[in-house]
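All of the numbers you see were taken from the coordinates with simple rules; none came from a lab. Just so you know, these numbers come straight off a predicted model, no measurement behind them. For neighbour counting, all protein chains shown are included, and Cβ atoms are generated from backbone atoms with ideal geometry for every residue, glycine included.
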Amino acid sequence: MNIEPKVSLLNSLVFFQGNDMQRQITVNLGNLVLSLSDAMDLADSSLIQHQQRTAFVVWEMGKAVGFSAERLEKIFIAALLHDIGAFSLEEKISLRNFEVKSVENHCIRGEILLSNIPWLKDSSKIIRFHHRQWQHWDKSIEDPLVFESQLLSLADYLEREIDRDHYILHQHEEIISKITSLSGTLFHPGIIDLFLKVSKREEFWLDLVSPRLYALLLNEGPFRKVEIDFSDLSLISELFRNIIDFRSRFTSTHSSGVAASASMISKAFGLTETEIGLMEVAGNLHDIGKLAIPNSILDKPDKLTKKEMAVIKSHTYYTYYVINTIKGLQQIAEWAAYHHEKLDGSGYPFHCSAGELSTGARIMMVADIFTALTEGRPYRKGMSKNGVVEILKGLSDRRLLDSKIVNLLFDNYEEIFSYVTEKQAAAKHFYQNQFYFLHNQS
Ligand SMILES: [Fe+2]
Ligand SMILES: [Fe+2]
Ligand SMILES: [Fe+2]
């Protein structure tokens, strides 16, 4: 067997595996929403599956009342994404523990984010009111928006009442009586009756806390089998890009920058339109695993301690884990998740060798560093071209980054830089107009 010396691999580019990339990607809607919902709740052991469990409850209640397939799917998706507007891990935890002062902000943010995607618009309305108490509604329960919001509200409340350290059937009666006591105030009596009906079976409670809930929802959940195409995939990747970036005002445009530079470098490299589009999706999602990292670490202005760095190292692991569970996006999972790898195997957390790093991953590695260097941080300004070139050249000379890709960036520097700046300005504009005033007010 002829084993190529490592050094020649460093300078050669590993091309996409042709045919696979040429076809248009389609992804199952249910699979996508479920995996992204899962990602949002990875952050803390007290949150794992919070939205999935909430979705399970609304599904059971919706079935019991005889919802149409379409209505069931809308509320199910709303439940899976209902806390999407709670940006920081700290906010999510305080919501779950009933400790947050104002619940309004995350509802408003959730509605703004989802209303940008046509097929999520109806679900966004339900999310807007998922904390509204029955006694504060001035509309009839017959109104579908009121009915759905009340269902979601009860399901969310119920999930938060569960003590994760105790066996469910040793606490379910207490939870039932607590919820029943809220009839007429937090919840409409008819909604309580519905809940009593579905919660009679032990099976309901055992399913609710089952570690295999993801598989149950994926295989049997009320998703019509909708395959979404590239343009919808792109929209939802932008939605998640926003929730990743808007968690911290300091990095509120980072993923926009990485997606923009990755797509520009891909174009300079000569990739096809489809590949360039998919690289943009991968760029949007490359830091999705940061949803599992607390803001106290992400926003820290000083150098991270060794322990904090060890926590940071998990973010690309989660990026891979989340995207890889979406059928059809396995290749994108690699491009997105390998951005902290190095060609000599010294990156983290996978320690990929050069041979394992495809062109897409190599481009993402360069795009991520380029964007981070050109962006400002609380403790430093964005770097000038000379500074960026010096650092990237150093990394490529040490054979940590692919020199051909770094050179492509240098050759097209002005064009790439101005495109990235333009994209980041648009993201900043959206962030400042819609979200800045809501930040840290919760
Ligand atoms: Fe909430
Ligand atoms: Fe919630
Ligand atoms: Fe990263």
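Some points to look at:
- Sequentially through the range 106-123, phi angles give Karplus couplings (6.51, -1.76, 1.60; θ = phi - 60°) of 5, 6, 5, 4, x, 5, 4, 5, 6, 5, 6, 10, x, 6, 10, 4, 4, 5 Hz, Gly and Pro residues having no value and appearing as x.
- Residues in the range 258-277 that a label on Asp229 would reach, taking backbone N under 16 Å of a point 7 Å out along Cα→Cβ: 273-275, 277
- Within the listed set Ser396, Ser177, Ser237, the Gaussian network model of the chain (springs between alpha-carbon atoms below 10 Å) gives the highest mean-square fluctuation for Ser177.
- Entry note, the range 230-438: relative contact order of 23 percent, from Cα contacts under 8 Å with a spacing of 6+ residues.
- Relative to the longest principal axis of the Cα atoms of the chain, helix 189-198 runs at roughly 70 degrees.
- When the pairs Lys307/Lys381; Lys303/Lys393; Lys121/Lys313; Lys307/Lys423; Lys393/Lys423; Lys101/Lys306 are compared against a 32 Å limit on Cα-Cα distance, Lys121/Lys313; Lys307/Lys423; Lys101/Lys306 fall above it.
- Tail fraction, Cα-Cα pairs, the chain, threshold 35 Å, whole percent: 33 percent
- Here Lys125 is the anchor, and the lysines within straight C-alpha reach of less than 18 Å, apart from those fewer than 8 places off in the same chain, are Lys74, Lys139.
- Extension gain, Ser181 to Asp143: 0.36 nm times the residue separation minus the Cα-Cα distance gives 11.3 nm.
- Between helix 230-245 and the chain: long-axis angle, C-alpha atoms, 0 to 90°, nearest 10: 90 degrees
- Residue order, fewest to most surrounding Cβ atoms within 10 angstrom, among Trp137, Trp205, Trp59: Trp137, Trp205, Trp59
- The range 93-140: C-alpha gyration tensor shape, a/c 1.5 cut-off, then a/b vs b/c: oblate
- Ranking of Arg160, Arg362 by neighbouring Cβ atoms within 10 Å, starting from the fewest: Arg160, Arg362.
- Taking Cα atoms only, the orientation of helix 50-65 departs from the longest principal axis of the chain by about 40 degrees.
- Look at Arg71, Arg212 and count the other Cβ atoms within 10 Å of each Cβ; fewest to most, that gives Arg212, Arg71.
- Hz values of 3J(HN,Hα) by residue in the range 410-426 - Karplus curve (6.51, -1.76, 1.60), Gly and Pro given as x: 4, 5, 10, 3, 4, 4, 5, 4, 6, 5, 4, 4, 5, 5, 5, 5, 5
- Max mean-square fluctuation residue, GNM over the chain, Cα-Cα springs under 10 Å, options Ala43, Ala361, Ala64: Ala64
- Annotation: extensible slack from His166 through Lys63 equals 34.3 nm (criterion: 0.36 nm per residue apart, minus Cα-Cα distance).
- Nonlocal amide H pairs with Val27, under 5 Å, H built at 1.01 Å: Ile228
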